[in-house]
Amino acid sequence: MARLGLIFGDQLNLDHALLDALDPACDRLLMGELVAETEYVRHHGKKIALIFSAMRHFRDELEQAGWSVTYHVFDPDSDIRSFTDLVRWASAAEGVDTLLVAWPGEWRLLEEVRAWEQELGVAVSVLPDTRFLGALEDFERWARGRKQLRMEYFYRPMRRRTGLLMEDDQPVGGSWNFDADNRKRWRGDPPAARPMRFTPDATTDEVLALVDKRIPHFGVLEGFDYPVTRAQARRALAHFVSAALPYFGDFQDALPDDEDYLFHSRLSSSLNLGLLSPMEVCRAAEQAWRDGQAPLNAVEGFIRQIIGWREYIRGIYWLKMPDYADLNALGNDQPLPDWYWTGKTQMRCLARAIDATRQNAYAHHIQRLMVTGNFALLLGVVPREICEWYLAVYADAYDWVELPNTLGMVMHADGGLLASKPYAASGKYIQRMGDHCAHCRYRVANTVGEDACPFNALYWDFLDRHRERFERNPRMTMMYRNVDRMDAERLSAIRERAREIREQVERF
Ligand SMILES: Cc1cc2nc3c(=O)[nH]c(=O)nc-3n(C[C@H](O)[C@H](O)[C@H](O)COP(=O)(O)OP(=O)(O)OC[C@H]3O[C@@H](n4cnc5c(N)ncnc54)[C@H](O)[C@@H]3O)c2cc1C
């Protein structure tokens, strides 16, 4: 009887806990491209191709390192459709008594794993997921007894723990956070950096053809250029550090009309697949600062996204699931507009963000938060529908990271657990941070009338509808002061315009 280690498709790290726990001389590894994993949402084709190609390359690396890997290639006609099917088949075929996995990235998968001992009669051992810096127990300990779980207070101990940008227990530069310097509008100078592109090899080409012919998917497959191996991901990291990191901070919040990446890293897909470790990415950024290649505001801002936001978001997910997924604190009931899938909207900022999403399986953080997210928040979309969209359309999307970002940060559906106030903004914000409005059919200066930017009426109407919940929030006092300055006639025209947008949203 032997032990079998099941490697999930997003755990392609060579420091995987299974590789320490098992012995290549007598134990086997198991990997599978499964129909059920391609079907639970309508994923972007590039996301499926990325995962399958990275899995196949990882299998090859494991075999070269002396491991025996049983690998199930995608087959829609096979009886093996889910991880449960795969484990049932492999444990029978290979006479396995003990199965090892690492903690998965999604609650639904953990549930599946937990049923195996009973359902399949194999002993199951769940090891830690080494793609993260902190253990889930540490996050639980940090959260225990706190009234508010603010990222900023999670981040500081993480800086101390990792030693990143620290000097004698104090943050370098005398401050934990330099965000005040990070809100510049980008006007074309310096030129956008853009991520490194990788031409598909034979393995990726094969997978792209498979997705094209056999797997229903969202978005455009042409132009696939993601890193699919650790070696490629390391090159993408080096390229980011030298070409984009120096400007990452300054233009982190910018919303240019004609640049899909600007100075963002596009490293999320590699981090989330385990091709890069969070610590090596942060160390590379820190080194650039120590070498005088990148300013502190950029490097601190970047490191905070990874040891702060990324770890914190994951902690929240596992702390609050499974109930978290059903929250709808604002009582939203609007369906997701169909044009989130097609991009056919006349609002320029949304059309650009959705088009980039369809083309690249990527949109940068401010597009996700302040354009597609903000609109869904203001419109009052049912959280489940917008969460499903984000989970489907991005190459880096897994439940552990997508759900708290969408349901908590964007939709405020957790009642403010994650964000002290909703990130609601009118068209003015979008105008200030970029040049979409100059190309838009709607007038950002107007709130009512056929040509008025729909964000505007929806924004004031959002504040009005949720007055009871938010008016005493100290961070929203100014907003409500502005609402209070409106006379009854103005407010009624805004409500009417917002009602019209909600009822006829497909035509906007
Ligand atoms: C509604 C919404 C949904 C999101 N869904 C996902 C998702 O499914 N997967 C995902 O990885 N990120 C998600 N994010 C977070 C963030 O937008 C992406 O990580 C980022 O845009 C990825 O692009 P990048 O690698 O160029 O990031 P950069 O801007 O270069 O940032 C560097 C890294 O920081 C990390 N990071 C930054 N912000 C966050 C955050 N809020 N949460 C977690 N990690 C963060 C990522 O690993 C990222 O690669 C979401 C954000 C929002 C507002």
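The values are calculated or read from the model by the stated rules, or taken from the named source; none is laboratory data. As the structure is a prediction and not an experimental result, all values here were calculated from the model. Cβ atoms come from the backbone with ideal geometry, glycine included; neighbour counts cover every protein chain shown. Remember, those area values only see protein heavy atoms, side chains included, never the ligands or the DNA or RNA. Shrake-Rupley method; radii C 1.70, N 1.55, O 1.52, S 1.80 Å.
I need every pair where a residue in region 292-316 that is closer than 13 Å to Val281 by Cα and open to solvent by less than 10 Å² (accessible area, probe 1.4 Å) has its Cβ under 9 Å from the Cβ of a residue that is more than 9 Å from the ligand (Cβ to nearest atom) and among the hydroxyl-bearing types (Ser, Thr, Tyr), sequence separation at least 6 or different chains.
As it stands, the answer is Glu300/Ser175; Ile303/Thr162; Arg304/Tyr155; Ile307/Tyr155; Ile307/Thr162, since those pairs meet every condition given.
Within region 259-282, can you find the residues that are free of Cβ contacts under 8 Å to residues at least 60 places away in the same chain and more than 12 Å from the ligand (Cβ to nearest atom)?
Glu280
Any chance you could count how many residues in region 399-438 are open to solvent by 10 Å² or more (accessible area, probe 1.4 Å) and not aliphatic (A, V, I, L, M)?
16
Looking at (1) within 26 Å of Asp464 (Cα to Cα); (2) within 12 Å of the ligand (Cβ to nearest atom); (3) of a type in the set (A, V, I, L, M, F, W, C), which is the only condition Leu403 fails?
Condition not satisfied by Leu403: (1).
If you go through region 431-461, how many residues are assigned to a helix (DSSP H, G or I) and among the basic types (Lys, Arg)?
Pass one, region 431-461, residues assigned to a helix (DSSP H, G or I): 431-433, 437-439, 454-461.
After this cut, where a residue has to be among the basic types (Lys, Arg) as well, the list is 432.
Going through region 431-461 one residue at a time, the tally reaches 1.
Do you know which of the residues in region 347-365 that are more than 8 Å from the ligand (Cβ to nearest atom) and either open to solvent by less than 10 Å² (accessible area, probe 1.4 Å) or among the aliphatic types (A, V, I, L, M) (or both) is farthest from Arg502 (Cα to Cα)?
At the first step, the residues of region 347-365 found to be more than 8 Å from the ligand (Cβ to nearest atom) are 347-361.
Next, from what is left, pick out any that are either open to solvent by less than 10 Å² (accessible area, probe 1.4 Å) or among the aliphatic types (A, V, I, L, M) (or both): 347, 350-351, 353-354, 356-357, 361.
Details: Met347: 14, Leu350: 16, Ala351: 18, Ala353: 20, Ile354: 19, Ala356: 25, Thr357: 23, Ala361: 27 Å.
In this case the residue turns out to be Ala361.
Here are the criteria: (1) open to solvent by less than 30 Å² (accessible area, probe 1.4 Å); (2) assigned to a helix (DSSP H, G or I); (3) not basic (Lys, Arg). Tell me which single one Tyr153 does not satisfy.
Condition not satisfied by Tyr153: (1).
Please verify whether Val444 is of a type in the set (A, V, I, L, M), open to solvent by 10 Å² or more (accessible area, probe 1.4 Å) and more than 21 Å from Lys320 (Cα to Cα), treating the condition exactly as stated.
Numbers: of a type in the set (A, V, I, L, M): yes; open to solvent by 10 Å² or more (accessible area, probe 1.4 Å): yes; more than 21 Å from Lys320 (Cα to Cα): yes.
Considered against the rule, which asks whether it is of a type in the set (A, V, I, L, M), open to solvent by 10 Å² or more (accessible area, probe 1.4 Å) and more than 21 Å from Lys320 (Cα to Cα), Val444 comes out as yes.
With respect to Glu300, determine if the residue is assigned to a helix (DSSP H, G or I), within 13 Å of the ligand (Cβ to nearest atom), more than 22 Å from Lys421 (Cβ to Cβ) and charged (D, E, K, R). Even if it seems obvious, please write down each step before you answer.
Numbers: assigned to a helix (DSSP H, G or I): yes; within 13 Å of the ligand (Cβ to nearest atom): yes; more than 22 Å from Lys421 (Cβ to Cβ): yes; charged (D, E, K, R): yes.
Judged against the criteria, Glu300 is a match.
Please report, ordered by residue number, the helices (runs of 4 or more DSSP H) entirely within region 194-280 with at least 3 residues that are farther than 18 Å from Asp10 by Cα and at pLDDT 95 or above. Walk me through how you get there before you give the answer.
Numbers: elements: 202-214, 230-243, 245-248, 268-273.
Correct list: 202-214, 230-243, 245-248.
Within region 475-490, is even one residue in contact (Cβ under 8 Å) with a residue 24 or more places away in the chain, farther than 17 Å from Pro335 by Cβ, in a helix (DSSP H, G or I) and of a type in the set (Val, Ile, Thr)?
No; the residues of region 475-490 include none that is in contact (Cβ under 8 Å) with a residue 24 or more places away in the chain, farther than 17 Å from Pro335 by Cβ, in a helix (DSSP H, G or I) and of a type in the set (Val, Ile, Thr).
Quick check on this structure: which one of Gly134, Gly105, Gly66 is in contact with a helix residue (DSSP H, G or I) (Cβ under 9 Å, 6 or more places away or on another chain) and either within 19 Å of Asp20 (Cα to Cα) or open to solvent by 50 Å² or more (accessible area, probe 1.4 Å) (or both)?
Numbers: Gly105 fails: either within 19 Å of Asp20 (Cα to Cα) or open to solvent by 50 Å² or more (accessible area, probe 1.4 Å) (or both); Gly66 fails: in contact with a helix residue (DSSP H, G or I) (Cβ under 9 Å, 6 or more places away or on another chain).
After applying the criteria, what remains is Gly134.
When Tyr390 is evaluated against the numbered criteria (1) more than 13 Å from the ligand (Cβ to nearest atom); (2) of a type in the set (Phe, Trp, Tyr); (3) open to solvent by 10 Å² or more (accessible area, probe 1.4 Å), which criterion, by number, is the only one it fails?
Of (1) more than 13 Å from the ligand (Cβ to nearest atom); (2) of a type in the set (Phe, Trp, Tyr); (3) open to solvent by 10 Å² or more (accessible area, probe 1.4 Å), only one is false for Tyr390: (1).
Just a yes or no: is a residue in region 283-290 touching an Asp or Glu at 6+ places or on another chain (Cβ under 8 Å) and near the ligand (Cβ under 10 Å from one of its atoms)?
Among the residues of region 283-290, not one is touching an Asp or Glu at 6+ places or on another chain (Cβ under 8 Å) and near the ligand (Cβ under 10 Å from one of its atoms), which makes the answer no.
Among the strands (runs of 3 or more DSSP E) confined wholly to region 1-114, which include 2 or more residues that are among the hydrophobic types (A, V, I, L, M, F, W, C) and either in the same structural domain as Glu388 (by TED's automatic domain parsing) or more than 30 Å from Arg266 (Cα to Cα) (or both)?
Working: elements: 2-6, 28-32, 68-72, 96-102.
Where strands (runs of 3 or more DSSP E) fall fully within region 1-114 and carry at least 2 residues being among the hydrophobic types (A, V, I, L, M, F, W, C) and either in the same structural domain as Glu388 (by TED's automatic domain parsing) or more than 30 Å from Arg266 (Cα to Cα) (or both), they are 2-6, 96-102.
Is region 371-384 home to any residue that is open to solvent by 10 Å² or more (accessible area, probe 1.4 Å) and in the same structural domain as Lys421 (by TED's automatic domain parsing)?
Step one: of region 371-384, the residues open to solvent by 10 Å² or more (accessible area, probe 1.4 Å) are 382, 384.
Within this subset, residues satisfying the condition of being in the same structural domain as Lys421 (by TED's automatic domain parsing) are 382, 384.
The answer is yes; a qualifying residue exists.
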